[in-house]
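Note sheet for the following structure.
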Amino acid sequence: MIQKYHLQRAAYVLLATAALASCKTKHPTSVKPGKTSTATGIAYNQKDGFQVKKFAGQKAGPNLVFVEGGRFTMGALEEDVMNSRDNRERTVSIQSFYMDETEIANVHYLEYLNAIQRDSSEEVVKAALPDTTVWANPLSFNDSYVTQYLRYPAFRYYPVVGVSWVQASDYAVWRSNAVNNELAKGGTKKKGGGFSLKRKSKKADETALAEAAPEAPAKPSLESGMILPDYRLPTEAEWEYAAKALIGTQYMDENQINQRIYPWDGSSVRNPKKGRKQGQMLANFKRGRGDYAGIAGRSNDGAIITAEIYAYPANDFGLYNMAGNVNEWVYDVYRPLSYQDVNDLNPIRRNGYLDDAKNYDTKNKQSLIDDRLRVYKGGSWNDVAYWLSPGTRRFLDQDSATAMIGFRCAMIGVGRNK
């Protein structure tokens, strides 16, 4: 009897498997487009015909982490102690994207400076240099930071500061070209996703270039799928969505067990988990007037100024220092009413559209708002805990720089949701 039951069960499993197999779609996809056009019936990849190259799907570029898009409540959750009323709660949806898992470090920016020194004018190089005098203060002995923070090897993996919004945007342009040029020379896909920029042999480089563009261009076309979309600054909505990382609060279906004041659970800035790290700070910030790190031997946040870019636990998207260490530039121009003006799908605030700068009385010093103000978020080593909340926002002129602002890059993510 038992044997008969097992045989029947096995038969049902086989029937179910066969049914599922028969249900599998044979429709073409972006990754498997087929050999011929479903619109014309003409074969792809014929000589002098339309070329549809192999494409395994978009992979994460160097230092990027995939952030699955979705719906979230954007806006400040903390009491509006500044009375700015410029980020009220509203529901928006964000397309999936990639974001740097860390802030851009000094070593990354020095690599950029080294590259443009070889092929750019002196004027371009000078414009790209970070302002190291942001550390200078006549009433503080910060002289060593002015001369050493950017270039001394011990600071290599500390976040670059003294960089304006314009300089950060220029870096993203250079980085896009640098990564894609390296891929065109033979960079390969790593096992498990992402790219390795380790070059193959010279012969393999030449073959890859010939296959990508047999008649001229050194860099493959966008249609080839061999290069990545552009790096850029994240939008304010993307940055806030990635910082909250509410994917870690889900328990079933579309339900979430809580909102988040910070990029972690709870209302405390200390680690609640039992063990050696219990009670330690989860971010690098200023605890109070004159208190930047606690006392020697019990230095909870471990850093008087900035800290290394991997120094604190990552959030549920795998992103480090989305609160504290340094504030970060985002793409958006600042307007106090962005929350009620922008779209609810992939919101962004561009300059020159709605709420014009001419509406603000800057000439008579009644307002600071113009089309050069850019938003920065996240809090820094020199900020109190209030600014660690992802919903808080401040602004600064796009050509200005401070010792409290750095940046990270983002990239569009398409073709998958996981």
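So how do 231-240, 280-289 stack up, highest first, on mean other-Cβ count within 10 Å?
Sorting 231-240, 280-289 by mean packing, highest first, produces 231-240, 280-289.
Using the Cβ atoms and a cut-off under 12 Å, what net charge is assigned to the surroundings of D371, where Lys and Arg are +1 and Asp and Glu are -1?
Taking every Cβ under 12 Å from that of D371, the sum is +1.
Where in segment 50-80 does the label zone of Y251 land, with the point 7 angstrom along Cα→C-beta and an amide N cut-off under 17 Å?
From segment 50-80, the list is empty.
Among D143, D100, D253, D265, rank each residue by its count of other Cβ atoms within 10 Å, from fewest to most, as a rough exposure measure.
The order, fewest Cβ neighbours first, is D253, D143, D265, D100.
How would segment 295-376 be classified by its alpha-carbon gyration tensor: rounded, prolate or oblate, with rounded meaning a/c under 1.5 and the a/b versus b/c comparison settling the rest?
oblate
Rounded, prolate or oblate: which one fits segment 247-401, using the alpha carbon gyration tensor with axes a ≥ b ≥ c (rounded when a/c is under 1.5, else prolate when a/b beats b/c, else oblate)? If you can, show how the numbers build up before the last one.
Details: a/c = 2.85, a/b = 1.50, b/c = 1.90.
Since a/c reaches 1.5 but b/c is at least a/b, the shape of segment 247-401 is classed as oblate.
Do any of K26/K244; K32/K185; K59/K273; K244/K363 go past 31 Å between their Cα atoms, and which?
Those over the limit are K26/K244; K59/K273; K244/K363.
I need the shape label for segment 62-173. Rule: rounded when a/c is under 1.5, else prolate if a/b > b/c, else oblate, with a, b, c from the alpha carbon gyration tensor.
oblate
Here, each number is a calculation from the coordinates, and none is a lab measurement. The structure presented is a predicted model; accordingly, all values stated were derived computationally and were not measured. With ideal geometry, Cβ positions are generated from the backbone for all residues, glycine too; neighbour counts draw on all protein chains shown.
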